[in-house]
1. Could you tell me which numbered condition A:ASP81 fails, if it satisfies all but one of (1) open to solvent by 50 Å² or more (accessible area, probe 1.4 Å); (2) touching a Lys or Arg at 6+ places or on another chain (Cβ under 8 Å)?
2. Taking the stated definitions as given, is A:LEU33 within 11 Å of DNA strand C (Cβ to nearest atom), within 14 Å of another protein chain (Cβ to nearest Cβ) and either out of contact with any Phe, Trp or Tyr (no Cβ under 7 Å at 6 or more places or on another chain) or open to solvent by less than 40 Å² (accessible area, probe 1.4 Å) (or both)?
3. Would you call B:GLU88 closer than 28 Å to B:GLN159 by Cα, open to solvent by 70 Å² or more (accessible area, probe 1.4 Å), within 14 Å of chain A (Cβ to nearest Cβ) and more than 13 Å from DNA strand D (Cβ to nearest atom)?
4. Filtering region A:16-30 down to residues that are within 13 Å of DNA strand C (Cβ to nearest atom) and in contact (Cβ under 8 Å) with a residue 12 or more places away in the chain, which residue is nearest to A:GLU88 (Cα to Cα)?
5. When B:TYR123 is evaluated against the numbered criteria (1) open to solvent by less than 70 Å² (accessible area, probe 1.4 Å); (2) more than 17 Å from B:GLN147 (Cα to Cα); (3) within 11 Å of chain A (Cβ to nearest Cβ), which criterion, by number, is the only one it fails?
6. Tell me, please, whether a residue that is open to solvent by 60 Å² or more (accessible area, probe 1.4 Å), within 14 Å of chain B (Cβ to nearest Cβ), under 29 Å from B:GLY32 (Cβ atoms) and within 15 Å of DNA strand C (Cβ to nearest atom) can be found in region A:91-107.
7. Just checking, does region B:41-51 include any residue being under 29 Å from A:ARG20 (Cβ atoms), in contact with a Leu (Cβ under 9 Å, 6 or more places away or on another chain) and open to solvent by 80 Å² or more (accessible area, probe 1.4 Å)?
8. Condition first: of a type outside the set (A, V, I, L, M, F, W, C), closer than 21 Å to B:CYS136 by Cβ and in contact (Cβ under 8 Å) with a residue 24 or more places away in the chain. Now tell me which residues in region A:62-90 satisfy that.
Protein chains: 2
Amino acid sequence: MVDSRGRRSVIEAAGNLCRRVGLPRTVGQIYGLLFLSPRALSLESIAEQLGISKASVSTGTRQLASWGAIRQVWVPGNRKDHFEAIPEIGGLIRNAYRQILKPRLDASQKRAAALIEVLRQDYETGALTKEEFDFCCRRMHTLSRLQKGLQSFAPLLEQIL
Amino acid sequence: MVDSRGRRSVIEAAGNLCRRVGLPRTVGQIYGLLFLSPRALSLESIAEQLGISKASVSTGTRQLASWGAIRQVWVPGNRKDHFEAIPEIGGLIRNAYRQILKPRLDASQKRAAALIEVLRQDYETGALTKEEFDFCCRRMHTLSRLQKGLQSFAPLLEQIL
DNA sequence: GATTCCGTTCAGTACGGACTGAACGCAGTA
DNA sequence: TACTGCGTTCAGTCCGTACTGAACGGAATC
């Protein structure tokens, strides 16, 4: 178990943050622990310091490594895997945006455009009245304006982080 | 049940979006339905068009109204409550930021500052070595730099949406 | 080649929370 | 005052999923 109150509280905060974003809390805890550890830690050491199973640590470290949040390092004369945090969180956020959010935004914009065609079909088959169809089209336009606005964030994000 | 394919797909998308953000999917579905409805809908009508219970609609509409995402309107000669969407989603995001994200950011920044003091106590009580203490302090500083960066988003967000 | 020491995988459990159905409260109506 | 129609509340169920413990595989040591 971690003995420092200060460390514990940031580990807890990191866990809660992850949970809030839909990630396993253990993932946040692992990163928090490594973030405040001057030396790379073994999988077993992480497990016992956090009081969780080695299985959770194993899957958690895989996730974190796949995102470039931690790195696996060799400790000579030691067969265990050791992990250390990569402290550039801004870069992580930037990557998350580029690889996850941005593609999703682009895709949803395309789908929104295609949707108007579907709505027209619904209108022609009588599933929508003229009034409903017109209204939906107008609403879809306000949606794409919003999407445009969100996408204009991209360069700002890349610039600041 | 909703009869238009186009409408169904945006309702589904809204539901998934909410679920991904940690909100009940029904909340997104309700907003999606109202967003594409030219007339205000009764609680009962919402329930049957979405195929969910009136209880869910009741709690969902309360949530949405508390965020200013929908509005309750009176339909003369009709005892039922009716709801309509407020289509300015950008404003919703702005409010969510002001009322939820920003306070949280500010609080966490304060806590981070206080944490250094806790870490010092841990060091003095022997829970941390000097090396660990110094390292933690440096890491906390990189954290507050990140927080500063995130906070500099604020004016941009307010400006764009 | 046998053994020990790792890390991973997988089936099973536990838990949180969304959703439901029924009971309740409360207005309007007779 | 009884009754009906409406929305809310609450206990209970259901579902997704994070987490665990044990079994497995693989590499290094003897």
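The values are calculated or read from the model by the stated rules, or taken from the named source; none is laboratory data. It should be emphasised that the depicted structure is a prediction, and the values quoted were computed from it without experimental measurement. Because the Cβ atoms are built from the backbone with ideal geometry, glycine has one as well, and the counts that use them run over all protein chains shown. Note: areas computed on protein heavy atoms with side chains; ligands, DNA, RNA excluded. Shrake-Rupley method; radii C 1.70, N 1.55, O 1.52, S 1.80 Å.
1. The number of the failed condition is (2).
2. On the way: within 11 Å of DNA strand C (Cβ to nearest atom): no; within 14 Å of another protein chain (Cβ to nearest Cβ): yes; either out of contact with any Phe, Trp or Tyr (no Cβ under 7 Å at 6 or more places or on another chain) or open to solvent by less than 40 Å² (accessible area, probe 1.4 Å) (or both): yes.
Considered against the rule, which asks whether it is within 11 Å of DNA strand C (Cβ to nearest atom), within 14 Å of another protein chain (Cβ to nearest Cβ) and either out of contact with any Phe, Trp or Tyr (no Cβ under 7 Å at 6 or more places or on another chain) or open to solvent by less than 40 Å² (accessible area, probe 1.4 Å) (or both), A:LEU33 comes out as no.
3. Working: closer than 28 Å to B:GLN159 by Cα: yes; open to solvent by 70 Å² or more (accessible area, probe 1.4 Å): yes; within 14 Å of chain A (Cβ to nearest Cβ): yes; more than 13 Å from DNA strand D (Cβ to nearest atom): yes.
Taking the combined requirement at face value, the residue satisfies it.
4. By that ranking, first place goes to A:ILE30.
5. Against the list (1) open to solvent by less than 70 Å² (accessible area, probe 1.4 Å); (2) more than 17 Å from B:GLN147 (Cα to Cα); (3) within 11 Å of chain A (Cβ to nearest Cβ), B:TYR123 comes up short only on (1).
6. no
7. To start, the set of residues in region B:41-51 that are under 29 Å from A:ARG20 (Cβ atoms) comprises B:46, B:50.
Subsequent filtering for residues that are in contact with a Leu (Cβ under 9 Å, 6 or more places away or on another chain) retains B:46, B:50.
Pick out the ones that are also open to solvent by 80 Å² or more (accessible area, probe 1.4 Å) and you get none.
No: region B:41-51 contains no residue that is under 29 Å from A:ARG20 (Cβ atoms), in contact with a Leu (Cβ under 9 Å, 6 or more places away or on another chain) and open to solvent by 80 Å² or more (accessible area, probe 1.4 Å).
8. Just the residues of region A:62-90 that are of a type outside the set (A, V, I, L, M, F, W, C), to begin with: A:62-63, A:66, A:68, A:71-72, A:76-82, A:84, A:87-88, A:90.
Right, trim to closer than 21 Å to B:CYS136 by Cβ and you get A:71, A:82, A:84, A:87-88, A:90.
Listed by number, the residues that qualify are A:HIS82, A:GLU84, A:PRO87, A:GLY90.
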